[in-house]
Structure formats: C-alpha cells, structure tokens
1. If you average 1/r across every pair of different Cα atoms in segment 81-126 and take the reciprocal, what Kirkwood value do you get, in Å?
2. Please work out the C-alpha center-to-center distance from segment 91-109 to segment 147-172 and express it in whole Å.
3. Taking a probe of 1.4 Å, how large is the accessible area per residue of segment 78-136, in Å²?
4. When the accessible area of segment 154-194 is split by element with a 1.4 Å probe, what percent falls to carbon and sulfur?
5. Rounded to the nearest 10 Å², what accessible area does residue 157 have for a 1.4 Å probe in the complete protein model?
6. How big is D, in µm² s⁻¹, for segment 80-204 by Stokes-Einstein at 10 °C and 1.306 mPa s if Rh is the Kirkwood radius over C-alpha pairs?
7. Sequence neighbours fewer than 8 away in the same chain don't count; with that in mind, list the lysines whose C-alpha is under 29 Å from residue 191.
Amino acid sequence: MRFGQGMPNEAAAPSRSAVSDRPTADASDYSGPGVEAEIRVGGPRAAADAGGPRSGVGGPPDEGGDGYVTLYTARAFSTDGAGRVTTEDGVLDLPVKAPRELGGPGGAPNPEQLLAAAYATCFHNSLALVAGREGVSTADCIVETAVELRKRGKHDDYAIGVEVAVSLPGVDRDLAGRLVRRAHEHCPYSKALRGNLQVGARLA
C-alpha cells in the first residue's frame, strides 16, 4: 500500500474531563488489540474501563455527530523536551531520540518508528478480523510498514510518506488481495490517513 504526502497536524492540548460513563457498543468491526478474541467470541466489547482518571479531547463523552461511539481512549504524553513518551496507564514509558539519519544520537525509538509499529499492528488486526470471517488464517501473515519523514525545499515543509506491504503465504493471491483491500477499508489508521494522503494497497 503506497501513500502520497500529507502535512502533519498540530493538535491542541486536551482538556480534562471524565469519560467513564461513555456508552458501550457492539465492537464487531473494531480493529485493534484483542481482535483475536472478538473473532473467537463474536460478542460486544465494553467501552473503556472506568477505573482511574481519564481525560477527554473536546466534545461530549458520548456519540459524536458522525455516529461513532468511543470504545477506548489511548492517551500519551511527550515530556522532557520531547525526549520521553509515556502513556496514561504507564504501560508505555520510552525515551525518544532522533535517528542518526536526522542528526540525532539514535539508540532509542523515534516517532516514525512508533507510527510504523502502531500502523502495522492495527492493519494486521484488521486483516485478521476480515480474514477470520471467511475462515482464512493469518497466522503466518506479515505486515510490513515503512514511514518516511520528507521535506520539500529549504523551509519547514515536512510531510509523511507511508508504504504498507502485506504477505499472506498459503492464501490464493486473488483472495489475499481482496482481504487486503477490505482490511484497508476497515482499518482505523487507514481511515485516519486517507483524508490527507493518497492511499493504495498491495500484496508483497
């Protein structure tokens, strides 16, 4: 899957509000960690766990105008002069350093690697979901993502380029291609990027 260029967006700092009363929803089309359990069980997933403080990112903590219901909110914080990233629950706590290719010291994850890892995982889960509905195993599947930081001219005109290649060994190529296209249609990351980038999909 090949992507064109898009400009990064600057997000405003989130405001604090409780979201423990968010409604639950049938998550049969959810693509994310735990999707394997959904394939096995087929039941609805609960909304975000009410334990611990949460914060909202604007708007009411229920359905938005687009009809979506929030199932889960992940919140991360960049601190130490953008040198560390942590999640609200403390599960992720990593130093972040620019790669040597960009003049940094390297030796720690960088934002492009984190995006590549997140997208690969989300796309893989989407593929497992759509393939599981047709009885196709994705046990040997490999989803490879490449995230490029690009710059145009001498000014601060930066863009992100992404390529995703999917390998489905043992699956008929026509069927594999259809599954990749469907996964690309359902993957939340693909949807999020599609409005800003030229999007395509391919088998490896």
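1. On the way: mean 1/r = 0.0858 Å⁻¹.
The answer is 11.7 Å.
2. 19 Å
3. Details: 3110 Å² over 59 residues.
Accessible surface, normalised per residue, equals 53 Å².
4. Working: 1160 of 2320 Å².
Carbon and sulfur: 50 percent of the exposed surface of segment 154-194.
5. 40 Å²
6. Numbers: Rh = 16.3 Å.
Value of D from the Cα-based Kirkwood radius: 97 µm²/s.
7. 97, 151
The values are calculated or read from the model by the stated rules, or taken from the named source; none is laboratory data. Predicted model, so just to flag it, every value in this text is computed and none were measured. Quick note on the areas: whole protein, heavy atoms, side chains included, nothing else; ligands and nucleic acids left out. Shrake-Rupley method; radii C 1.70, N 1.55, O 1.52, S 1.80 Å.
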